[in-house]
């Protein structure tokens, strides 16, 4: 199983406390996800803490894939980490969400360690998903997050 990584960072014109609260709110996850593939939040335990379950459902046409994640680390106001702990589209997934104050703004940093399933087929798909797909997913998340903060000043 080949492990891959993906990193993304951007700066929001909002204080770190507001950015943390946004990311810790279960209702906000669905607001920042792309429409394709469709992602439905089936469960997101609040408050955000180690042990919180996040259950998602990915849909692409008639195909549905449950995705079971667990929050494994939380440093309030600074970062949290979720990990695939059950069914899901990945062979492994660990996503660190970190936040750094930059003056009156906040740098949002995502670091993902993942492995795709299916051996050779998964490695072939990694070029598409790990490259273009991950960049597109996080570009949409970045745009939607910035738009939400701009609309809620």
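Read-outs: derived from the displayed coordinates by stated rules, not from any lab. Since the structure is predicted, the reported quantities are computational estimates derived from the model, not experimental observations. Cβ placement follows ideal geometry from the backbone for every residue including glycine, while neighbour counts extend to all protein chains displayed.
Where does the chain land at 222 nm, in deg cm²/dmol rounded to the nearest 500, when only DSSP H runs of n ≥ 4 count, each adding -39500 (n - 2.57), divided by all residues? Dividing the helical sum by the residues of the chain leaves -8000 deg cm²/dmol.
Ranked by the mean number of other Cβ atoms within 10 Å per residue, highest first, peptides 28-40, 88-100 order as 88-100, 28-40.
Efficiency by 1/(1 + (r/R0)^6): what FRET value for residue 49 and residue 107, r their Cβ-Cβ distance, R0 = 35 Å, to the nearest 0.05? Each step should come with its number before you reach the end.
Working: r = 23 Å, r/R0 = 0.66.
For residue 49 and residue 107, the calculated efficiency is 0.90.
Over the chain, Cα pairs under 8 Å with separation of 6+ residues give a relative contact order of 28 percent. Between residue 25 and residue 41, the simple label model (points 7 Å from Cα in the Cβ direction) yields a spacing of 0.9 nm. Computed from the C-beta positions of residue 87 and residue 149, the FRET efficiency with R₀ = 30 Å rounds to 0.35. The C-alpha atoms of the chain define a longest principal axis, and helix 134-151 lies at about 20 degrees to it.
For the pair residue 17 and residue 64, what calculated FRET efficiency results from E = 1/(1 + (r/R0)^6), where r is the Cβ-Cβ distance and R0 = 30 Å, to the nearest 0.05? Intermediate results must be reported in sequence, preceding the final value.
On the way: r = 36 Å, r/R0 = 1.21.
Rounded to the nearest 0.05, the efficiency is 0.25.
Packing order of peptides 5-13, 76-84, highest average first: 76-84, 5-13 (average count of other Cβ atoms within 10 Å over each peptide's residues). Compactness of region 1-78 was expressed as the Cα radius of gyration divided by 2.2 N^0.38 Å, which yields 1.24.
Taking the convex hull of the Cα atoms, report for region 1-148 its projected area averaged over all directions, in nm².
Working: hull surface 33.1 nm².
So the Cα hull casts an average projection of 8.3 nm².
Just want to confirm a number: the relative contact order over region 1-55, from Cα pairs under 8 angstrom separated by 6+ residues, in percent. Working shown, then result.
Details: 30 pairs, mean separation 12.8, N = 55.
Normalised by residue count, the contact order of region 1-55 is 23 percent.
Using C-alpha pairs below 8 Å separated by at least 6 residues, the relative contact order for region 26-69 is 30 percent.
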